[in-house]
Structure formats: structure tokens, C-alpha cells
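Derivation of every value follows stated rules applied to the coordinates shown; laboratory data play no part. These numbers were taken from a predicted model, which means no experiment stands behind them. Neighbour counts run over all protein chains shown; Cβ positions are idealised from the backbone, glycine included.
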Number of protein chains: 2
Amino acid sequence: MSLNDTFKALSDPTRRRILDLLKERDMSAGDIADHFQMSKPSISHHLNLLKQAELVLDERHGQHIMYSLNTTVFQELMKWVLQFNGEGKDRQ
Amino acid sequence: MSLNDTFKALSDPTRRRILDLLKERDMSAGDIADHFQMSKPSISHHLNLLKQAELVLDERHGQHIMYSLNTTVFQELMKWVLQFNGEGKDRQ
DNA sequence: TAGACATTTAGAAAATTATCTAACTATCTA
DNA sequence: TAGATAGTTAGATAATTTTCTAAATGTCTA
């Protein structure tokens, strides 16, 4: 929802690894969980934070819930980072 | 030092506000602290995390310690964000 | 060199976050 | 509709992070 949620979501290495997985292909919650030693509820919790941050989208397909990247927020993030490169105060 | 330190450092709103201040001009620790209601030691702690993440540089000038942005790491961050926009899996 | 100023370090308390197990909800299929 | 599978929710505990006050360090100047 907010930029703060985005940064909070990105601050955990497990969640960044999840995003790396989704970069390759959309995956179900279970497929994602299989890539970690962590319990399914913990992964579910991480997915929820990513979802609240709008970094991922979820869609139910029968029993499975498929997760995918939401590139929109990455573009907002890009804008934020760009503020610190190039623009701003005069350079010598 | 690591990407993880970078994201951890960026996950706190106070630290992001500090970066916003430094975007405008280099500032001493005290000047920075004056922009917050928080105690000086707390600000000092935040500055230390930003420094460990190499998002800022510090340099002593007499009694003052001047902080400035280190744009290098922002460029690394940009590369990370770019992975999630454009490249990657095929799109429909 | 004593005192003032700027900043950090130390150590503790409070708040937040990550993780687990157990239980629940939703969907499919025989 | 019973049982199996996929996933989430609830509630507790452990770990991490934020913040504070008190004390220490470093530097300047009278």
C-alpha cells in the first residue's frame, strides 16, 4: 500500500528470494514453500506481506493459489531510487 | 556491506528521511538530529546503520562529523530493481 | 589544560517481526 | 459426501530492532 510497506517487505532475505523465484515464473504457494526449509505457514506469512506491499499478485486456480510479480510497484521503487542518482544537489 | 544491509537500512522511515535530507546537502550529525524529535543517540544509531550499508559516507571536520550520500550503492540498488522490470520471463 | 560542545558507545526496556505447531477453510475427486 | 490436498489463520515464543538515559570520547578555545 505505502512505500514503507514496500521497503519493509523487501527488508527480509526470504521475501527477496521469493521475488527471485517469481521472476522466473508464476508459482503456487506450495511450489514456493518447497524451495525453503521453513514451514508453510511462515511462507504464507511472507507471501501475505509481499501481497500487502503489492509486490506480488495472487489468484486462486482451484486448490492452488498462484502468485506472480506485480511490476507496477517495482516501477515506483525505481523512481524512488532514481532520486538519489543524478538529480539533487549540485556536484563539483 | 551486503545487499541485505542495504535493504535493512532502507526499511526504516527515519533512515529514509535522513537520506532525503542528505539528498539536498551534506549535513553534520547534529544538523540531522535537529530535524527529528528523536534523541541524538538514536539518530547516531541510524546514521551508523546507513554507514554500514554504505548508503552514506562520514568525514570528521573538527568537532563536527559531516554525512553525505554515497551514490555508488544506489546504483547497485538500481540494478537490483531493474531485474524486476523488463527482463525475466516471457510476457504475453 | 579546563570547560564547552559534538558525537558516539553502552546497556536496558519496549516494540516489532519471524517462526513454529495446531487448527481451520476451501477445493477437488472417488 | 468423505477423504485428500492446498493453503491460511490463530496464538505463542524467540529473535531482532528501536529507542531511551547515562557515560565516554574527541576536538576546540579561552
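Under a GNM of chain B (C-alpha, springs under 10 Å), which listed residue has the highest mean-square fluctuation: B:26, B:34, B:58? Fluctuation is largest for B:34.
Counting from the shortest, the label point at residue A:38, 7 Å from Cα toward Cβ, is 2.5 nm from the same position in each remaining copy. Calculated mean residue ellipticity, 222 nm, the protein assembly as shown: -16500 deg cm²/dmol, from DSSP H runs (n ≥ 4) at -39500 (n - 2.57) each, averaged per residue and rounded to 500. Think of the axis that spins chain A onto B; the A residue whose C-beta lies nearest it, and the distance in whole Å, is A:11, 2.
Given +1 at the Cβ of Lys and Arg, -1 at the Cβ of Asp and Glu and no other charges, the dipole of chain A around its Cα centre is 200 debye to the nearest 20.
What gaps in nm, shortest first, separate residue B:60 from its twins in the other copies when you place the label 7 Å past Cα toward the beta carbon? Distances to the matching label points in the other copies: 6.2 nm. Restricting attention to the stretch B:1-91, the count of lysine pairs at 8 or more positions apart or across chains with alpha carbons under 24 Å apart stands at 10. GNM remark for chain A: springs join alpha carbons under 10 Å apart, and the peak mean-square fluctuation among A:40, A:79, A:23 falls on A:79. For the segment B:77-84, counting C-beta atoms of other chains within 10 Å of every residue's C-beta and taking the mean gives 6.
Length, then width, then depth: along the principal axes, the Cα atoms of the stretch A:3-81 run 36, 24, 20 Å.
Put +1 on the Cβ of each Lys and Arg and -1 on the Cβ of each Asp and Glu in the stretch B:3-82; which of B:49, B:13, B:28 then has its Cα farthest toward the positive end of the dipole? Selected residue: B:13. Taking amide H positions as modeled 1.01 Å from N, with prolines and chain starts lacking one, the residues under 5 Å from residue B:56 and 5 or more places away or on another chain are B:51, B:70. Peptide A:10-23 shows a mean partner chain C-beta count of 3 within 10 Å per residue C-beta. For the stretch A:20-28, backbone phi angles converted through the Karplus equation (6.51, -1.76, 1.60; θ = phi - 60°) give residue-by-residue couplings of 4, 4, 5, 5, 7, 6, 5, 9, 7 Hz, Gly and Pro being listed as x.
Applying the Kirkwood pairwise sum to the alpha-carbon positions of the protein assembly as shown produces a hydrodynamic radius of 17.9 angstrom. Along the stretch B:63-77 the Karplus relation, 6.51 cos²θ - 1.76 cosθ + 1.60 evaluated at θ = phi - 60°, assigns HN-Hα couplings of 6, 8, 10, 8, 10, 9, 5, 10, 5, 3, 5, 5, 5, 5, 4 Hz to successive residues, with x for each Gly and Pro.
Sorted shortest first, the distances from the residue A:3 label point to those of the same residue in the other copies are 2.3 nm; each point sits 7 Å from Cα along Cα-to-Cβ. Only Cα pairs under 8 Å and 6+ residues apart enter the sum, and on that basis the relative contact order of chain A stands at 29 percent.
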